[in-house]
Ligand SMILES: *Cc1c(COP(=O)(O)O)cnc(C)c1O
């Protein structure tokens with residue numbers, strides 16, 4: 001999984017393809033004959049044909065053209081790709097499905113990962129589909145809905161009394177010790193290929209919305225997601241599906257922004273004490289920072305940070321336009337709003353925002369963003385009194 005020359009700290013491998021063969025296979029099977037899920041890209045996945053699991057549909061998530069939101073933000077177009085509609089309600093299913101299929105292909109008997117929560121619940125779900133035992137390391141602070149998914153899917157869960165970064169190291173050690181298949185994207189290049197399918201889809205789906213957008217915005221933790229999306233977009237250009245590439249907007253949290261530092265300094269910063277409510281990107285030691293930085297550089301991209309308050313505002317705003325996003329997913333919208341303010345994004349630009357996880361993944365922060373309902377007695381008079389109050393407020 002890692003380069004024998006550079007060592008595990010720096011040398012994460014990348015999977016290459018014989019593109020002549022891919023091109024022939026891609027052209028041989030028309031789009032309409034392909035399933036409307038991420039297995040439609042089977043020639044661009046590192047799996048044997050018999051290992052592809054058409055019975056586990058993932059991806060081909062809807063893209064919503066949020067025209068009211070675009071008007072509100074003063075943008076030509078804003079597209080929201082709803083990754084919350086994946087089987088376990090986050091983007092991570094793209095990677096887990098491919099990882100578990102690969103684990104079966106190589107005859108693994110157990111699979112493990114460390115995660116802030118979504119990779120874990122997604123791995124647990126796919127391991128359950130495969131009937132494969134899963135060992136999962138999450139920080140003890142992971143949001144309860146994500147932990148609930150893990151428990152119901154029947155994974156063995158270690159709630160590590162430390163940060164995600166420490167849980168990651170512990171998982172790597174355990175995989176070495178017990179011979180478990182390591183599903184961590186940051187070390188296993190097979191997983192990034194799964195994440196890549198989001199970029200492949202953006203290339204195909206954007207044809208329905210005026211062509212490839214000027215910007216693709218995505219929040220960044222370990223950096224595998226943004227690197228994967230970029231790889232997918234580039235492969236679609238190589239296949240001739242698109243003729244140009246978008247710029248990337250990498251969203252990070254105001255106080256957890258190691259990728260921002262790495263982009264400027266070419267190395268990771270000392271670990272900070274910073275925190276964010278966006279648990280999925282609360283990553284201080286991004287394991288795939290080189291791939292992320294390379295992608296952002298190649299894409300003439302930018303890193304934009306979002307404060308917790310801006311993230312809660314963005315959750316509310318997305319909700320008012322029909323999109324329920326978890327904090328890390330809303331962080332990308334918050335970053336877009338900030339980039340419009342700083343004129344990095346121009347009013348004439350078309351922007352696609354990856355909504356990487358559902359709001360149901362973190363109900364505590366959803367309630368913080370949305371507020372509490374109005375308690376009433378079960379009488380029409382009680383409702384009338386409240387309606388009167390609301391009308392008075394509006395005046
Ligand atoms: C994992 C995750 C991210 C970030 O992906 P990385 O590969 O860690 O950069 C963003 N949003 C959500 C909801 C996630 O679960």
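Only the coordinates and a few stated rules stand behind these numbers; no lab work does. From a predicted model like this one, the values you see are computed outputs, not experimental measurements. Note that each Cβ is placed from the backbone with ideal geometry, even for glycine, and that neighbours are counted across all protein chains shown.
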Span from the the stretch 107-128 Cα centroid across to the the stretch 208-271 one, whole angstrom:
25 Å
Please give the helix 308-320 orientation as an angle from the longest Cα principal axis of the chain, in degrees from 0 to 90, rounded to the nearest 10.
80 degrees
Considering the chain as a Gaussian network with a 10 Å cut-off on Cα pairs, which listed residue, 61, 197, 141, attains the greatest mean-square fluctuation?
141
If I build a Gaussian network model for the chain, linking alpha-carbon pairs within less than 10 angstrom, which residue out of 69, 312, 233 has the largest mean-square fluctuation?
69
Treating the angle as unsigned and between 0 and 90°, give the value, to the nearest 10°, between the Cα long axis of helix 289-298 and the longest Cα principal axis of the chain.
80 degrees
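Answer rounded, prolate or oblate for the stretch 15-89, using the Cα gyration tensor with square roots of eigenvalues a ≥ b ≥ c: rounded when a/c is under 1.5, else prolate when a/b is larger than b/c, else oblate.
Because a/c hits 1.5 or more and a/b exceeds b/c, the stretch 15-89 counts as prolate.
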Grab the alpha carbons of the stretch 118-259, take their convex hull, and tell me the volume per residue in Å³.
142 Å³
At what distance in angstrom do the alpha carbon centres of the stretch 1-57 and the stretch 164-199 lie from each other?
18 Å
With label points set 7 Å from each Cα along the Cα-to-Cβ direction at residue 36 and residue 391, the distance between them in nm comes to 4.5 nm
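Stokes-Einstein at 20 °C, 1.002 mPa s, Kirkwood radius from Cα pairs: D for the stretch 90-188 in µm² s⁻¹?
D = 167 µm²/s.
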Output needed for the stretch 248-334: three equivalent-ellipsoid semi-axes, defined as square roots of 5 times the C-alpha gyration tensor eigenvalues, in descending order, whole Å.
24, 15, 9
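Going by how many other Cβ atoms sit within 10 Å of their own, how do 315, 1 line up, fewest first?
Values: 315 29, 1 14.
In increasing order of surrounding Cβ atoms, one gets 1, 315.
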Along Cα→Cβ, 7 Å out, is where each label goes; now give me the distance between the ones at residue 2 and residue 268 in nm to one decimal.
1.1 nm
Protection-proxy order for peptides 213-223, 237-247, 78-88, 129-139, each taking the mean of Cβ atoms within 10 Å per residue, highest first
213-223, 78-88, 129-139, 237-247
Paramagnetic label zone (point 7 Å from Cα along Cα-to-C-beta, residue 162; backbone N under 20 Å) in the stretch 206-228:
222
Note the angle between two axes, namely the Cα long axis of helix 224-238 and the longest principal axis of the Cα atoms of the chain, as a number of degrees from 0 to 90, rounded to the nearest 10.
70 degrees
Measure off 7 Å from each Cα along the Cα-to-Cβ vector at residue 378 and residue 178, then give the distance between these two points in nanometres to one decimal.
4.9 nm
Peptides ranked, highest mean first, by Cβ atoms within 10 Å: ranges 274-281, 372-379
274-281, 372-379
In whole angstrom, note down how far apart the Cα centers of the stretch 322-340 and the stretch 357-372 are.
13 Å
Estimated 222 nm signal from helices in the chain, with DSSP H stretches of n ≥ 4 weighted -39500 (n - 2.57), rounded to 500
-13500 deg cm²/dmol
Write down the percent of antiparallel bridges among all DSSP beta bridges whose residues are both part of the chain, to the nearest 5.
20 percent
Can you tell which of 36, 45, 268 shows the greatest fluctuation in a Gaussian network model of the chain with Cα springs below 10 Å?
36
Principal axis box of the stretch 301-394, alpha-carbon based, largest edge first, Å
56, 29, 20
Would the stretch 23-62 count as rounded, prolate or oblate if I go by the C-alpha gyration tensor, calling it rounded below 1.5 in a/c and otherwise prolate when a/b exceeds b/c, oblate otherwise?
oblate
Principal axis extents for the chain, Cα atoms only, whole Å, descending order, please.
69, 47, 45
On alpha carbon coordinates alone, what is the Rg over Rh value for the stretch 227-386, Rh being the Kirkwood radius?
1.08
